[in-house]
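Peer 1: Got a structure for you, written out below as structure tokens; questions coming shortly.
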Amino acid sequence: MVSVENLAGLVLLVAMGSLGVAVLRRAGLGLEPLEQAAYGFPLGVVAASLVLLPPAVVVGFGGALVAVVGVAAAAGAAWLWPAQRAWSVGSRSLRASQPVGLIAGSPLGPTLRDVRTRISLGPTLTIGAFVLLWMVFHAGAMTREADGLWASQQHLWSDWGVHLGHTTSFAYGDNFPPENPFVAGLPFAYHYLSSLTAAAMVELGMDPVAALKLHGFVLTTAITLGLYAFARRLTRDRAAAALALTLFLLGSGLGWVLTVAEVNRSHDLLGTLWDRPWDYQQRIAAEFRWEPSFLVAIAPTRGFLYGLPLAMLTLTLLLIAVRRGAEPGTGEGTGEVKAATRRRLPLPPSVRTIEGRAFVAAGIVAGLLPFAHLGTLLALALITPFLVLLFPRRFWGWAVFFGVWAFLAVPQVLLQQGGGSGAAGGIHRHIGWVARDDSIVWFWLKNMGLFLPLLAFALADRRLAPSVERRFLWACMPAFVFTNLVSFQPVEWDNLKVLEYWFLAVSVLVGALLVRTWREHRAPVVRALVAGVVLSLTLSGVLMHWHQIRGLDTYQLLADEERRLAEEVRAKTPPRAVFAVGLQQNHPVSMLAGRRTLLFFPGYVYSWGIDYAERERDLRAIYAFAPGTPELLRKHGIDYVVIGWGERRDLGANAEAFQQRYPVVIDTGGYQVFAVSDAAVARATRAASGD
């Protein structure tokens, strides 16, 4: 049953997203209707979420502010929504439903518009199947059982604890201006915008877990449409686009070989597929590290919910700009452009207008990335210079794009990093991404499977896509080289955020190659071979999804007592209180109470480029109640100290010493919370006296 609170959260997302759709429809940038919807919805959510920040800092974050922004977004969408589907651009009419927007006057215009605004049966079924999969995935992503809160997949267990902490720090912890809630007092050098959106949904009454699930499902659906639209624009082929979508979301390497080996050992195909289709630890030990993009990037890290559609929109706008009104499928300019080029005349006004608008719009969209997804910002920073090299004649257009991008993004990055370098300070030379014992060649051959040999053929095939689109895909290839030579963050695994964009280009190229091979060769043997190749490319992904759906990869995030502890902390401590807690990544105080902590799980803190050695040393001294502990508590502004199983196990907490000196404000049996600052002690005294 859909609750009023969940419906309110959904309405908020729709109101925010509708603004972005209306802007893209009104802008006259040559985007197809599907692109306007698929990219415009995330664009609107991102923009509206950014709008929430300044007033939240000034007047506070609450349901009233969220409602005002939601209503304003809906009103803006209604005002901007065009009354007709054609807008005047210079001396020509630009129709938004056409892929490039410069053929409205052609007799082929209506036909092309009709063809390109439809999704045929095959792609419709493909997209529908993925949307159904996302619905099932998010419904069971996190569940409340009698014994606590459970995650349905290992990456959700490791990542959603962080995102829940970010979300609750905004919704319950008054974290404005934003600071790192896990390392109190330091800048929030992280792309936290998706968590701010989820927090806005919480302010309307949603449970934080439900907010992350609903937000993830809605944005993933938009991403699925966007991936199809992006691949269709690059290949001009609906079947190739549907296959590229499938390869990107399910594509993986040869890890399925281990499942086949298990079937061969057990002689029980159905039993193996039912009880143990996938073994993560076995695969990691064998260095199979490439997993389907949805399971490893989009769903758990959540920054991709915004970064991926903004990147596809940016690249689509740049593609429109550099084509200068090229007709679909030719890779060449229109008659006007070619004539003007031959005669060295100025370009027609309509061409100059669409080109300029697209470059400016691309810069604006890319400028929204710092708070949305820093990994995507880095990926575009690596890809776009190669686009400049491949399209050097657009010098002034590129200057405008990079100028607008820098003007918007640089201040955000500086504000975000607080004057420091953040995770970027951990850049270092590293060969082979996360390969350990394997050579880099063997590592990638088994992790990509047939993708790599097929990619080599696709890159050499000039018939797969028009020349402009093919060069765009080529520009993504150096990202693979960079991520195998340099680690852009302290933890090498985080290069995945860039590799995903390389893999998107790979999926488009390989998808187009396989579809063309299928069409050109009707022999049953060849078609069976193509079908087998597709199965090989996606079987590992299918097995991983099946493993998750079967509930064979569940992890407990919180016990029921820990959930109750978080509720009591929210009820009995002020929002901006600072806590000393254990170093586990799923501590209830940081995850569901939304309170600031002195230190968090060191593995994550290290990956954020934070030197935590002094804090950890002081935290251990505090829990041991070493001499000078009161001074250390005052030094770090700590209000409350939590002692539970994690603090006893990892930090050797001296509970008796705290009991002798400080009052207990919360006691759940397994956890005790001590008031240690003067303000916290005074608050506890007043509460005990009933004042």
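Peer 1: Among the strands (runs of 3 or more DSSP E) lying completely within segment 635-675, list those that include at least 2 residues that are surrounded by 22 or more Cβ atoms within 10 Å (Cβ to Cβ), touching a residue at least 12 places away in the same chain (Cβ under 8 Å) and β-branched (Val, Ile, Thr).
Peer 2: In segment 635-675, the matching strands (runs of 3 or more DSSP E) lie at 640-643.
Peer 1: When the residues of segment 620-634 are narrowed to those that are touching a Gly at 6+ places or on another chain (Cβ under 9 Å) and free of Cβ contacts under 8 Å to residues at least 40 places away in the same chain, which ends up nearest to residue 588 (Cα to Cα)?
Peer 2: Step by step, filter segment 620-634, then rank; the result is 620.
Peer 1: In segment 542-550, is there at least one residue being touching a residue at least 40 places away in the same chain (Cβ under 8 Å) and within 30 Å of residue 424 (Cβ to Cβ)?
Peer 2: Among the residues of segment 542-550, not one is touching a residue at least 40 places away in the same chain (Cβ under 8 Å) and within 30 Å of residue 424 (Cβ to Cβ), which makes the answer no.
Peer 1: Oh, and also: Among the β-branched types (Val, Ile, Thr), closer than 30 Å to residue 172 by Cα, within 18 Å of the chain's Cα centre (by Cα) and at pLDDT 95 or above: is that true of residue 46 in this structure?
Peer 2: yes
Peer 1: Might you let me know whether segment 592-615 holds any residue that is modelled with pLDDT of 95 or more, part of a helix (DSSP H, G or I), crowded, with 22+ Cβ neighbours inside 10 Å and among the small types (Gly, Ala, Ser)?
Peer 2: yes
To keep it simple, each residue is scored yes or no on (1) aliphatic (A, V, I, L, M); (2) more than 20 Å from residue 609 (Cα to Cα); (3) in a strand (DSSP E or B); (4) touching a residue at least 40 places away in the same chain (Cβ under 8 Å).
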| site | (1), (2), (3), (4) |
| --- | --- |
| 143 | no, yes, yes, no |
| 167 | no, yes, no, yes |
| 170 | no, yes, no, yes |
| 191 | no, no, no, yes |
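Peer 1: Select from segment 453-491 the residues that are touching a Phe, Trp or Tyr at 6+ places or on another chain (Cβ under 7 Å) and surrounded by fewer than 16 Cβ atoms within 10 Å (Cβ to Cβ) and list them in ascending order.
Peer 2: Within segment 453-491, just 478 meets the criteria.
This table checks each residue for (1) more than 30 Å from residue 276 (Cβ to Cβ); (2) exposed (fewer than 14 other Cβ atoms within 10 Å of the Cβ); (3) in contact (Cβ under 8 Å) with a residue 24 or more places away in the chain.
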| site | (1), (2), (3) |
| --- | --- |
| 519 | yes, yes, no |
| 526 | yes, yes, no |
| 532 | no, yes, no |
| 536 | no, no, yes |
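Peer 1: Output yes when any residue across segment 571-588 is surrounded by fewer than 18 Cβ atoms within 10 Å (Cβ to Cβ) and without any contact (Cβ under 8 Å) to a residue 24 or more places away in the chain, and no when none is.
Peer 2: Yes.
Peer 1: Tell me, which residue of segment 29-48 that is surrounded by 24 or more Cβ atoms within 10 Å (Cβ to Cβ) and small (Gly, Ala, Ser) is farthest from residue 223 (Cα to Cα)?
Peer 2: The qualifying residue farthest from residue 223 (Cα to Cα) is 30.
Peer 1: What residue, of 418, 449, 422, is on the phi > 0 side of the Ramachandran plot and modelled with pLDDT of 90 or more?
Peer 2: Of the residues listed, the single one that is on the phi > 0 side of the Ramachandran plot and modelled with pLDDT of 90 or more is 449.
Peer 1: Residues of segment 441-485 being touching a residue at least 12 places away in the same chain (Cβ under 8 Å), outside any loop (DSSP other than H, G, I, E, B), more than 20 Å from residue 251 (Cβ to Cβ) and over 26 Å from the mean Cα position of the chain (by Cα), which ones?
Peer 2: Within segment 441-485, 467, 468 meet the criteria.
Peer 1: Quick one: which residue in 562, 568 is acidic (Asp, Glu), in a helix (DSSP H, G or I) and over 29 Å from the mean Cα position of the chain (by Cα)? I'd like the intermediate steps shown before the answer.
Peer 2: Numbers: 562 fails: over 29 Å from the mean Cα position of the chain (by Cα).
Of 562, 568, the one residue that is acidic (Asp, Glu), in a helix (DSSP H, G or I) and over 29 Å from the mean Cα position of the chain (by Cα) is 568.
Peer 1: Considering 191, 163, 215, which residue is touching a Lys or Arg at 6+ places or on another chain (Cβ under 7 Å) and crowded, with 22+ Cβ neighbours inside 10 Å?
Peer 2: Answer to the selection: 163.
The values are calculated or read from the model by the stated rules, or taken from the named source; none is laboratory data. As the structure is a computational prediction, the values presented were derived from the model and not from experiment. With ideal geometry, Cβ positions are generated from the backbone for all residues, glycine too; neighbour counts draw on all protein chains shown.
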